[in-house]
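Inspection log for the structure reproduced underneath, given as structure tokens.
The values are calculated or read from the model by the stated rules, or taken from the named source; none is laboratory data. Just so you know, these numbers come straight off a predicted model, no measurement behind them. For neighbour counting, all protein chains shown are included, and Cβ atoms are generated from backbone atoms with ideal geometry for every residue, glycine included. Heads up: the accessible areas ignore ligands, DNA and RNA and are worked out on the full protein's heavy atoms, side chains in. Shrake-Rupley method; radii C 1.70, N 1.55, O 1.52, S 1.80 Å.
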Amino acid sequence: MAVDREHVLKEAAALLTRRSTASMDEIARAAGISRATLHRHFAGRDALIRALEEHGIEQLAQAMDAAGLDEGDAAQALRRLIRTTEPVAGVLAFLFTENQLFEGGEINAGWARLDARITELFRRGQEEGDFRIDLSSAWLTEAFYGLIGAGAWAVHEGRVARNDLNHSIAGLLLGGIRRSMEK
């Protein structure tokens, strides 16, 4: 039987988001595979975490590409980004809350590229006069990640319906950053 690497990574992220100290045995059970099979694919916990981070970076980059961040006004692009990010929100929730195990190197360069793209979207919204300028675009990027992660967790726990997630995140984020909200 072939092991679906993406399935294993998704299940690992879901479990580790809930219980960051879960053992490799527990991760294997959550993914529906044996511990030996898990170890054949990931030499240990650090290798699994690194693979999760690489997977998350790749998935978020694809979501950004699909969202067409340069098309339309910044608020429209942000709504599309929220929608296209939803399928990988669980992995992002884990990565956003996980301590940085790997300082420097390619992983951080990958996150830096993603951060720059999202930060530029918020900066564009500020330059268009639609987003508040008293909140830095870097802070808005962190708020975006936080809301995506919190939303994924709320859906997982059954506190928010999956169908309401995108609307809830967009409503809260845009409601808070729109320039017309300033006093």
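Here are some notes:
- Leading residue by the ranking (farthest from ALA14 (Cα to Cα)) among those in the range 122-139 that are touching a residue at least 24 places away in the same chain (Cβ under 8 Å) and open to solvent by 60 Å² or more (accessible area, probe 1.4 Å): GLU128
- In the range 140-159, the qualifying residues are those that are among the hydrophobic types (A, V, I, L, M, F, W, C) and under 18 Å from ARG79 (Cα atoms), and the one that is surrounded by the most Cβ atoms within 10 Å (Cβ to Cβ) is ALA152.
- Evaluating GLU142 against the criteria (1) charged (D, E, K, R); (2) in a helix (DSSP H, G or I); (3) over 21 Å from ALA89 (Cα atoms) leaves one unmet condition, (3).
- Scan of the range 18-58 for residues that are open to solvent by 40 Å² or more (accessible area, probe 1.4 Å) and touching a Phe, Trp or Tyr at 6+ places or on another chain (Cβ under 9 Å), ordered by number: ARG18, SER20, ASP46, ARG50
- Any chance GLU120 is at pLDDT 95 or above and among the acidic types (Asp, Glu): yes
- Flag for LEU174 being more than 16 Å from the chain's Cα centre (by Cα), open to solvent by less than 60 Å² (accessible area, probe 1.4 Å) and closer than 19 Å to GLU86 by Cα: yes
- Positions within the range 160-171 being surrounded by 14 or more Cβ atoms within 10 Å (Cβ to Cβ) and hydrophobic (A, V, I, L, M, F, W, C), in sequence order: VAL160, LEU165, ILE169, ALA170
- Within the range 59-79, the set of residues being in a helix (DSSP H, G or I) and open to solvent by 50 Å² or more (accessible area, probe 1.4 Å) comprises GLN62, ASP65, ALA66, GLN76, ARG79.
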